[in-house]
Amino acid sequence: MDADLVVVGSGFFGLTIAERVARELGRKVVVIDRRDHVGGNAYSEDDPETGIEVHRYGAHLFHTSNETVWEYVNRFTTFTGYQHRVYTNHAGVVYPLPINLGTINQFFSAAYSPDEARAVIAEQAGEFDTASAANLEEKAISLIGRPLYEAFIRDYTAKQWQTDPTQLPAEIITRLPVRYTYDNRYFNDTHEGLPTQGYTRWLENMADHPNIEVRLGVDFFDADQPVSKASTVGQVPVVYTGAVDRYFDYAEGELSWRTLDFEREVLPTGDFQGTSVMNYPDSQYPYTRIHEFRHFHPERTSYPDDKTVIMREFSRFAERTDEPYYPVNTDADRERLLAYRTLTEGEQDVFFGGRLGTYQYLDMHMAIGSALSMFRNQVGPLLGA
Ligand code: FDA
């Protein structure tokens, strides 16, 4: 095969490695992906009926405080000034998130100062001791008190995990941020925005180099394909960003994931909910949130003013054939992961990266940052940097 490196997976991790090797080292890279498009989970597409950009695998908001990553991503796209804000519809009333002074005062019909609000929440949180909390419910109450927990966390968590929070381990949450100001910006990173011309243009720009060949619809484990595990490992260096347990044919057992189902709908209105993401924490709604994509790009004048695209999000445990989205990370998963890490060390010139290859939730800037490190410390030196 005419390649110095094979990259499995065209998500941000794989494309960052491919771009660096192609541009910086002038070496040839073949990128394969089993999907029919580049970009991994950050992929977006224009809805055919409305032209509104839809994030097919769930809403993706770019944010980072890492200057190296920020400088790098700006080579491929400019960013809008979008700032993410989330609201939640509880018992028919809409509140701002993350829980902040606005949420607290609206919820308790009060006008607490920051100190007064702190005192109220501390008193309510005194019901349980954080250190000895026996389950997720007790831990959450020990952090924010029962009233806020029952309104905004309990049923939402139960929907996310399909499990009553009293049956979930306390460790799932380490903290529940409460802000004692009216600041409801979702992220507090130095840089935030959305790619001006969309995610797919950004991702395609990364792959746009004469030394990069992208082959779509190719599964690494399909030995009938010219580029597969059988034909590459041991022959050419491989960066593998697929699932680590799949690579080893689940020899140490399956790692567990949560998946999401998305229900997309075009509605005959110019604005359905007035904002991009509305959470539905109450149990009467089977979904956890509704995305309305036009609000990610208020600057776009081409969007119709009589139609909108919404996507309801449902959460559940993943089967092997589902898209893996969030690692469940049980004790058994952690043990299996350690066993897989040992196996990866035995694979000569195969580098495991990205969210699936390391069984880790990674934000986009983290996936890119970690790929830049792998290029600098491992893949680059191997290829003669
Ligand atoms: P990614 O999953 O994108 O790419 C892996 C690629 O490998 C896929 O294209 C897959 O098809 C391919 N592949 C797997 N197995 C293969 C095989 N056997 N053969 C060939 N190809 C194979 N981040 C953020 O910063 N802001 C946000 O708002 C969000 N929002 C968000 C929402 C949801 C619902 C999720 C699940 C995740 C986010 N993220 C996020 C995280 C973001 O999606 C993540 O950082 C990137 O997808 C990581 O890129 P990777 O390249 O690691 O994986």
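The values are calculated or read from the model by the stated rules, or taken from the named source; none is laboratory data. Quantities reported herein were computed from a predicted structural model and do not represent experimental measurements. All Cβ positions, glycine included, derive from the backbone under ideal geometry; neighbour counts span all protein chains shown. Calculation scope for accessible area: heavy atoms of the full protein, side chains included, ligands and nucleic acids excluded. Shrake-Rupley method; radii C 1.70, N 1.55, O 1.52, S 1.80 Å.
Points to keep in mind about this one:
- For VAL7, residues with placed amide H under 5 Å, excluding near neighbours: VAL30, VAL31, ILE32, VAL239
- Cα centre as origin, Lys/Arg/Asp/Glu Cβ charges: the stretch 133-288 dipole, Debye: 440
- Computed about its Cα centre, the charge dipole of the stretch 100-172 is approximately 200 debye, with only Lys, Arg, Asp and Glu carrying charge at their Cβ.
- Summarising the label geometry, the points placed 7 Å from Cα in the beta-carbon direction at ASP331 and ALA131 lie 2.1 nm from one another.
- In the context of the full set of protein chains, residues of the stretch 100-172 present 46 Å² of accessible surface per residue (probe radius 1.4 Å, heavy atoms only).
- Surface/4 estimate of mean projected area, convex hull on alpha-carbon atoms of the chain, nm²: 20.4
- Fraction of accessible area attributable to carbon and sulfur, the stretch 247-333 (%, probe 1.4 Å): 44
- Summary value for the stretch 100-172: 28 percent relative contact order, contacts being C-alpha pairs under 8 angstrom separated by 6+ residues.
- Normalised by the number of residues in the stretch 1-131, the mean separation of alpha-carbon contacts (under 8 Å, six or more apart) gives a relative contact order of 12 percent.
- In the chain, helical runs assigned H by DSSP with n ≥ 4 each contribute -39500 (n - 2.57); averaged across all residues and rounded to the nearest 500, the mean residue ellipticity at 222 nm is -7500 deg cm²/dmol.
- Three-way shape label, the stretch 100-172, alpha-carbon gyration tensor, a/c 1.5: oblate
- For the pair ARG175 and THR259, the difference between a 0.36 nm per residue extended length and the Cα-Cα distance amounts to 27.9 nm.
- Mean separation of Cα contacts under 8 Å, 6 or more apart, over the residue count of the chain: relative contact order %: 25
- With bins 5 Å wide beginning at 0, the percent of Cα pairs of the stretch 150-259 falling in each bin runs 2, 7, 9, 12, 11, 13, 13, 13, 11, 6, 2, 0.
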